[in-house]
Structures are given as C-alpha cells and as structure tokens.
Amino acid sequence: MTKETNQSWGGRFNEPVDAFVARFTASVDFDKRLYKHDIMGSIAHAKMLTEVGVLTAVERDAIIEGLSQIQQEIEAGHFEWRVDLEDVHMNIEAKLTERIGVTGKKLHTGRSRNDQVATDIRLWLRDEIDRIKAEVTRLQQGILELAEREANTIMPGFTHLQTAQPVTFGHHLLAWFEMLSRDYERLVDCRKRVNRMPLGSAALAGTTYPIDRLITCDLLGFESVSGNSLDGVSDRDFAIEFCSAASLIMMHLSRFSEELVLWTSAQFRFIELPDRFCTGSSIMPQKKNPDVPELIRGKSGRVFGDLTGLLTLMKGQPLAYNKDNQEDKEPLFDAVDTVADSLRAFADMVPAIQARRDNMREAALRGFSTATDLADYLVRKGLPFRDCHEIVGHAVRYGVEHDKDLAEMSLSELKQFSDKIEQDVFAVLTLEGSVNARDHLGGTAPAQVKAAIEQGKQLLANR
C-alpha cells in the first residue's frame with residue numbers, strides 16, 4: 001500500500017484513486033448527518049467487544065471517551081470532514097485513531113461498513129419517524145381545535161367539485177383527521193421493521209469473532225436482530241416502506257392544500273389564511289397568495305419521486321451489498337426533511353385558519369344541496385326511492401328554469417310534483433334540518449361532530 005492509498009482498504013492497490021473518482025464516489029457530504037448515530041453504534045459495538053473479550057476495559061473506555069469528544073467537536077462545528085476519507089464512518093474512525101492511537105483501529109473489529117451504515121440509517125430513521133409522528137399528532141390537535149370551533153358551521157359538501165349535500169365544516173375537517181390517523185398507524189407499523197438490527201452481519205457473511213449481537217441489540221434499543229447476514233447488509237425495504245408512508249402523508253397534505261387554495265380564492269371565499277403563511281405579488285398589489293399550501297402541493301411530487309427512486313435503485317441488485325446502495329440516503333433524507341417540514345407548516349397554520357361562515361352558508365344554499373333530503377322525505381311517505389329520485393329531478397329542473405332553490409318554492413309549487421308533499425317538507429329542506437338529520441356514527445350532524453372530536457382527543461391522549 002502506497003502512502004497515498006486509502007488506509008481503510010488500499011492494501012491491495014498500487015495507486016491512489018483518481019481525484020475525480022474520489023469526489024464522485026464519496027458520500028461524506030450528505031451522510032455526515034448520521035454522525036450521532038454512527039457514534040452511538042460504535043460505542044455499543046465497543047461495549048459488546050469488551051463483554052466478549054475482544055477489547056479490554058481500558059481500550060473500551062479510551063474509545064468511548066474519544067468518540068464522545070469527536071461528537072462534541074462535530075456539534076460545535078469544529079470537525080474537519082475530509083472527502084478523501086469517503087464517508088462519515090471513516091472520517092470518525094480516522095479522527096479517533098488520530099486522537100487515541102492504535103486502539104482506534106481496533107474499533108472496526110467484527111464489523112464492516114456494510115452493516116455499520118445499515119445500522120446507522122435505521123437508528124437515524126427510527127428517531128426521524130418519532131419526530132414525524134409528533135408532527136402528525138400536533139397537526140391533528142390543530143384540526144380538532146378548528147373543528148371544535150366550526151362544529152356547527154354549514155358548508156356545501158362536494159362530489160365532482162359540484163354541490164352535493166350540506167355538511168358541517170367541522171365534519172369536513174374530521175375527514176382530514178381520519179386520513180392522518182391512518183398515516184400515524186402506518187408510521188408506527190413501519191417503525192417496527194426499521195427497528196431491527198443488522199449490526200453483526202459484517203460485510204455479508206457474519207464474523208469469526210465471538211460477538212454477541214443480543215448485547216448490542218439491547219444497548220441500541222432495537223427490538224430484534226436481523227435473521228440473515230446477507231439480507232441484513234443489503235435490505236433497504238425499511239427505507240422504501242418509509243417513503244411509501246411519507247408519500248401517502250404528502251398525498252393527503254396535497255389534497256388538504258388543494259382545498260385551502262380553492263377556499264381562499266375570490267370564487268369561494270370560504271376561509272382566510274393568516275398573512276404569515278402567504279405572500280404577495282411583485283406587480284399586483286391586491287394579491288394574497290396561499291404560498292404554503294401551494295408549495296406543499298408541489299413538494300408532494302418530490303417525495304413520490306424519492307419513493308420511485310428507491311424502488312428503481314433496488315430492483316436490479318443481486319445479494320448482498322452493492323455500491324448502488326450509496327444512493328439510498330439522499331432520497332431518504334429528502335423524503336424525511338420534506339414531510340417533516342410540510343407537517344410542521346400545516347400544524348402551525350391550521351389552528352389559525354379563519355372560517356368565513358356566512359360565505360360557506362350562502363354557497364350551501366346554492367346548487368339544490370337538499371335535493372336528496374326531499375327524496376328521503378318522499379320515501380318516508382311510502383314511495384319507492386327510484387320514483388322519488390325522478391320526482392325530485394323534475395323539481396330541480398323546475399328550480400333551474402325559475403331560478404329558485406327547493407326551499408324557496410311554495411307548497412303549491414312543490415305539490416305539482418307529488419301530492420305526498422305537505423307543509424312539513426320545509427323542515428327537511430333547510431340546511432340545519434339536513435345536517436341535523438344525519439345524526440349517526442360518522443355523520444355530519446353537529447352532535448356527531450362533537451362526539452367525534454372528543455374521541456379524537458382521547459385517541460391523541462393515549463398515544
């Protein structure tokens with residue numbers, strides 16, 4: 001090995017790596033964010049090696065003290081990251097050896113960078129999932145807060161973006177809550193598969209040293225160890241699964257964003273967003289643009305791309321570890337950063353949304369939103385639903401021709417469509433009558449909305 005070749009693997013090489021190739025293949029610029037978890041894994045590994053007699057207690061203590069000092073140096077911004085050392089692992093190990101001498105070189109006994117990086121990513125992602133779960137919960141708390149304020153606020157419910165039936169704004173918001181509850185469940189489930197320890201798989205076949213993986217597993221808080229060394233070093237299913245869960249979260253946030261963008265427009269005017277979440281126009285002084293929802297709607301695409309990138313990365317790889325896997329980190333890091341920031345923005349913004357209740361109510365009065373209530377009324381009078389559907393269709397056509405909502409028609413006008421219609425029909429044609437009639441589990445009646453809010457609060461309290 002020449003002086004210029006890499007000391008971690010250059011023994012069989014006669015010349016150093018080309019300078020461009022060194023930069024091209026290095027990952028330290030992006031994987032240095034794993035430093036804390038790399039040090040955590042190394043400390044646990046050193047403790048385990050001591051327990052099985054590979055290291056002495058003195059060597060262990062020197063390693064732990066040296067790694068602790070390096071972590072402090074990194075967090076103080078004084079650590080020099082070197083591209084020629086390729087990655088976070090070798091940068092830390094080289095600094096450790098420089099600091100404590102030959103003992104630093106013993107740290108890598110019984111492990112490989114292959115199982116080391118797989119362990120680091122899992123430790124890091126485990127913490128990030130917990131952080132994202134907390135943001136999901138915070139957003140759900142904000143949704144419940146807004147839904148409680150608007151439990152009685154009537155707005156039009158839509159299908160095909162056409163007025164369908166009256167709902168309460170609180171009920172609509174609780175639909176968002178339900179989506180996020182599924183997202184939370186997926187994160188909890190994903191975390192179980194993230195929390196399996198590959199350390200001890202070494203390069204691919206395990207190690208000849210008398211390691212005890214259960215000691216390391218316990219020290220690092222993993223739930224179990226990987227059952228196969230080949231799979232342990234090469235598995236990235238957990239990263240793909242997380243990006244899938246993240247993509248669903250971003251899809252939901254994108255749907256929420258689309259509604260916020262519509263509702264803030266001059267054509268809807270259903271809500272007002274706080275100024276601090278909007279920007280103006282450089283040329284049109286009247287503009288107040290919903291930039292945060294728009295940007296999150298756009299950012300959903302990059303997380304979908306991260307998922308697709310990881311799937312493509314893994315689809316052609318034979319066992320076990322391949323250099324391709326260096327490309328797993330940037331899409332994973334990007335997905336984590338994007339979903340965490342998007343959730344934070346929404347969690348900050350949602351409780352501050354102001355409903356324009358009068359505008360919502362006025363919109364619910366347009367578009368014959370109580371037509372189904374009239375059909376149900378006729379069913380209760382003994383007519384078959386299909387006949388009732390046709391009767392109400394004729395009434396709606398009359399309303400369109402005469403520019404009258406059903407509730408604005410006189411009793412004599414309504415009776416021309418069915419002699420079953422009596423004065424009591426007007427109770428079901430009101431917006432309040434419509435929403436209050438849907439007083440069942442999961443329905444839009446204010447009483448049900450309030451009950452669902454209390455259940456939501458209990459759900460969050462039990463997490």
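Tell me whether region 327-337 contains one or more residues that are more than 25 Å from residue 231 (Cα to Cα) and among the β-branched types (Val, Ile, Thr). So far as region 327-337 goes, no, none of its residues is more than 25 Å from residue 231 (Cα to Cα) and among the β-branched types (Val, Ile, Thr). Scanning region 178-188 turns up no residue that is touching a Pro at 6+ places or on another chain (Cβ under 6 Å), surrounded by fewer than 21 Cβ atoms within 10 Å (Cβ to Cβ) and not basic (Lys, Arg). Filtered by the rule that a residue be at pLDDT 80 or above and either under 13 Å from residue 327 (Cβ atoms) or exposed (fewer than 14 other Cβ atoms within 10 Å of the Cβ) (or both), region 8-25 gives 18, 19, 20, 21, 23, 24, 25.
Of the residues making up region 121-175, those that are open to solvent by 50 Å² or more (accessible area, probe 1.4 Å), without any contact (Cβ under 8 Å) to a residue 40 or more places away in the chain and not in a strand (DSSP E or B) are 134, 160, 161. On the stretch given as region 365-396, residues that are open to solvent by less than 30 Å² (accessible area, probe 1.4 Å) and touching a strand residue (DSSP E or B) at 6+ places or on another chain (Cβ under 9 Å) total 4. The number of residues in region 336-364 being touching a helix residue (DSSP H, G or I) at 6+ places or on another chain (Cβ under 7 Å) and either not basic (Lys, Arg) or not in a helix (DSSP H, G or I) (or both) comes to 16.
Return the residues of region 204-226 that are crowded, with 21+ Cβ neighbours inside 10 Å, not β-branched (Val, Ile, Thr) and not in a helix (DSSP H, G or I); say none if nothing qualifies. Passing the criteria: 222, 226. In region 104-115, of all residues being more than 21 Å from residue 80 (Cα to Cα) and assigned to a helix (DSSP H, G or I), the one that is farthest from the chain's Cα centre (by Cα) corresponds to 106. Residues that are surrounded by fewer than 17 Cβ atoms within 10 Å (Cβ to Cβ), of a type in the set (Lys, Arg) and within 24 Å of residue 153 (Cα to Cα) within region 397-446 comprise just one, 404. The single condition among (1) part of a helix (DSSP H, G or I); (2) in contact with a Gly (Cβ under 8 Å, 6 or more places away or on another chain); (3) buried (at least 19 other Cβ atoms within 10 Å of the Cβ) that residue 98 does not meet is (3).
Residues in region 58-70 that are more than 15 Å from residue 98 (Cβ to Cβ) and in contact with a helix residue (DSSP H, G or I) (Cβ under 6 Å, 6 or more places away or on another chain): 59, 60, 64. The set of residues in region 227-278 being open to solvent by 20 Å² or more (accessible area, probe 1.4 Å), closer than 26 Å to residue 128 by Cβ and in a loop (DSSP other than H, G, I, E, B) consists of 227, 228, 235.
Close Cβ contacts (under 6 Å, 6 or more residues apart or on different chains) running from residues in region 441-458 that are under 21 Å from residue 184 (Cβ atoms) to residues that are in a loop (DSSP other than H, G, I, E, B) comprise 449/151. For region 262-294, filtering for residues that are of a type in the set (A, V, I, L, M) and without any contact (Cβ under 8 Å) to a residue 24 or more places away in the chain leaves 4. With respect to the conditions (1) more than 32 Å from the chain's Cα centre (by Cα); (2) in a helix (DSSP H, G or I), residue 53 falls short on a single one, namely (2).
The values are calculated or read from the model by the stated rules, or taken from the named source; none is laboratory data. Since the structure is predicted, the reported quantities are computational estimates derived from the model, not experimental observations. Note: ideal-geometry Cβ built from the backbone for every residue, glycine included; neighbour counts use all protein chains shown. Heads up: the accessible areas ignore ligands, DNA and RNA and are worked out on the full protein's heavy atoms, side chains in. Shrake-Rupley method; radii C 1.70, N 1.55, O 1.52, S 1.80 Å.
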